[in-house]
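> Got a structure for you, written out below as structure tokens; questions coming shortly.
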Amino acid sequence: MEKEKAVIAQRFRNFAKNECKGSSELYEFLSNQIAGDHELLKLCAHTRTGQPIPNLLFGAVHYLLLRGTNHRLSEYYPSIVKKPKDIKGSFIPFKDFCREHQAEIRPLLQNKLVQTNEVRRCAYLYPSFCYMYSIAKKPLALIEIGTSAGLQLQWDNYGYSYGNKEEVYGNERSRVHITSKIKGESSPLLHADSPSVAWRVGIDLHVSDVNDPEDLQWLEALIWPEQQERLALFRSAVKQLQENPVKLFEGDGVALLSEVAKKAPKDTAICVFHTHVANQIPNDLKLKLVDNIKEIGRKRDIFHLYNNMWDSDLHLGYIVDGREYNHTIGETDGHGKWFSWNLA
């Protein structure tokens with residue numbers, strides 16, 4: 001158990017340094033404190049295998065607070081109070097909350113999944129699909145693995161600005177307007193109008209239903225307390241999806257891929273994509289996914305866009321006319337605030 005707690009402690013330190021810094025002062029502070037607390041590390045050991053432990057613990061606590069659980073910890077959450085208290089006093093209330101509500105937190109750690117539905121990641125999906133469309137020269141058939149609620153499957157219905165907010169790409173009339181920054185000297189070729197999408201489906205072990213209040217509350221709980229702009233963007237995308245639902249399948253995306261791909265219209269290019277999901281997939285299944293894509297590529301054109309699979313970069317592999325290509329597109333911010341572009 002001591003060895004397991006040491007591993008979990010390091011995950012919280014890494015989370016504070018690599019993910020929270022500059023994005024969430026509250027979670028950065030709490031993560032560093034949790035890393036040295038044996039009682040909380042023991043509680044975290046109940047998290048289901050393969051899930052990112054810090055995200056799940058913070059999501060569980062946030063979920064209970066958003067549902068109205070009365071506790072002084074809420075006074076430190078910008079998502080709950082207008083003037084939150086100084087984060088330096090937050091750890092003792094946080095630990096107290098976890099101790100008092102351990103019976104509610106434990107089943108959330110055991111049964112819930114981290115499915116962030118970060119809509120701003122579409123900022124780099126959009127130019128990536130523009131690039132695929134320029135190569136395929138035919139409508140796209142989208143298959144998203146780890147789709148959760150399916151918000152990223154709607155990328156072609158959103159509007160985008162990169163630095164200059166007056167210049168909008170994609171759907172300029174969309175209620176969802178995504179802004180992001182392109183780092184570096186290279187920039188992608190951006191289409192004024194969205195590429196043609198003929199068909200779209202999503203696959204997930206657990207599909208989140210945006211019409212289910214409990215599912216929606218959990219997805220909102222996964223959004224970090226300070227990030228109100230991120231929450232507003234999420235809610236706008238939810239409204240878009242509620243008005244324009246997409247087909248979602250529940251199950252193992254790797255196992256179902258080949259059968260689902262057979263349903264894609266013939267005169268389309270299949271585009272399999274997933275963002276910040278593959279880190280939860282075992283290595284043998286990652287290799288199986290690559291094999292399945294190559295097998296589909298023997299019969300028709302297919303693209304594979306992904307990150308967090310072998311490293312944190314965004315990659316694009318594709319098979320067109322029987323020839324295989326592999327590119328590294330660039331680096332991406334975890335929440336889509338910026339990305340770099342290396343493709344010519």
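The values are calculated or read from the model by the stated rules, or taken from the named source; none is laboratory data. Computed from a predicted model, the values in this text were never measured in an experiment. Using ideal geometry, Cβ is built from the backbone for each residue, glycine included, and neighbour counts are taken over all protein chains shown. Heavy atoms of the whole protein, side chains included, go into the accessibility calculation; ligands, DNA and RNA do not. Shrake-Rupley method; radii C 1.70, N 1.55, O 1.52, S 1.80 Å.
> Checking S258 against (1) free of Cβ contacts under 8 Å to residues at least 40 places away in the same chain; (2) within 29 Å of S74 (Cβ to Cβ); (3) open to solvent by less than 60 Å² (accessible area, probe 1.4 Å), which test does it fail?
(2)
> Does any residue in segment 324-344 that is on the phi > 0 side of the Ramachandran plot come within less than 7 Å, Cβ to Cβ, of a residue that is of a type in the set (S, T, Y) and not in a loop (DSSP other than H, G, I, E, B) six or more places away or on a different chain, and which pairs are these?
Partner pairs satisfying both residue conditions: G330/S340; G336/Y124; G336/S180.
> Could I ask something else about it? Mind listing whichever residues of segment 302-335 are within 20 Å of I182 (Cβ to Cβ), open to solvent by less than 40 Å² (accessible area, probe 1.4 Å) and outside any loop (DSSP other than H, G, I, E, B)?
Selection gives L305, Y306, L314, H315, L316, I329, G330, T332.
> Do you know which residues across segment 208-259 are under 23 Å from L142 (Cα atoms), in a loop (DSSP other than H, G, I, E, B) and not hydroxyl-bearing (S, T, Y)?
Result: D209, V210, N211, N244, P245, V246, G251, D252.
> Continuing with the same structure: Any residue at all in segment 78-91 that's under 18 Å from N55 (Cβ atoms) and without any contact (Cβ under 8 Å) to a residue 60 or more places away in the chain?
no
> Hey, can you tell me all the residues within segment 1-54 that are among the small types (G, A, S) and either surrounded by fewer than 16 Cβ atoms within 10 Å (Cβ to Cβ) or free of Cβ contacts under 8 Å to residues at least 12 places away in the same chain (or both)?
A6, G22, G36, A45, G50
> For segment 102-204, please list each of the strands (runs of 3 or more DSSP E) lying entirely inside it that holds at least 2 residues being touching a helix residue (DSSP H, G or I) at 6+ places or on another chain (Cβ under 6 Å), in contact (Cβ under 8 Å) with a residue 24 or more places away in the chain and within 19 Å of H304 (Cα to Cα).
Details: elements: 140-145, 159-162, 177-183, 197-204.
Strands (runs of 3 or more DSSP E) meeting the threshold: 140-145, 197-204.
> Tell me, please, whether a residue that is over 30 Å from S23 (Cα atoms) and part of a loop (DSSP other than H, G, I, E, B) can be found in segment 278-296.
As a first pass, look at segment 278-296 and keep what is over 30 Å from S23 (Cα atoms): 284-285, 287-296.
Those left that are additionally part of a loop (DSSP other than H, G, I, E, B): none.
So far as segment 278-296 goes, no, none of its residues is over 30 Å from S23 (Cα atoms) and part of a loop (DSSP other than H, G, I, E, B).
> Tell me, yes or no, whether segment 32-41 has at least one residue that is out of contact with any Phe, Trp or Tyr (no Cβ under 7 Å at 6 or more places or on another chain) and at positive phi.
No; the residues of segment 32-41 include none that is out of contact with any Phe, Trp or Tyr (no Cβ under 7 Å at 6 or more places or on another chain) and at positive phi.
> May I ask you to say which residue of L233, L216 is within 26 Å of V254 (Cα to Cα), of a type outside the set (F, W, Y) and open to solvent by 10 Å² or more (accessible area, probe 1.4 Å)? Talk me through it step by step, then tell me what you get.
On the way: L233 fails: within 26 Å of V254 (Cα to Cα).
Checking each option against the conditions leaves just L216.
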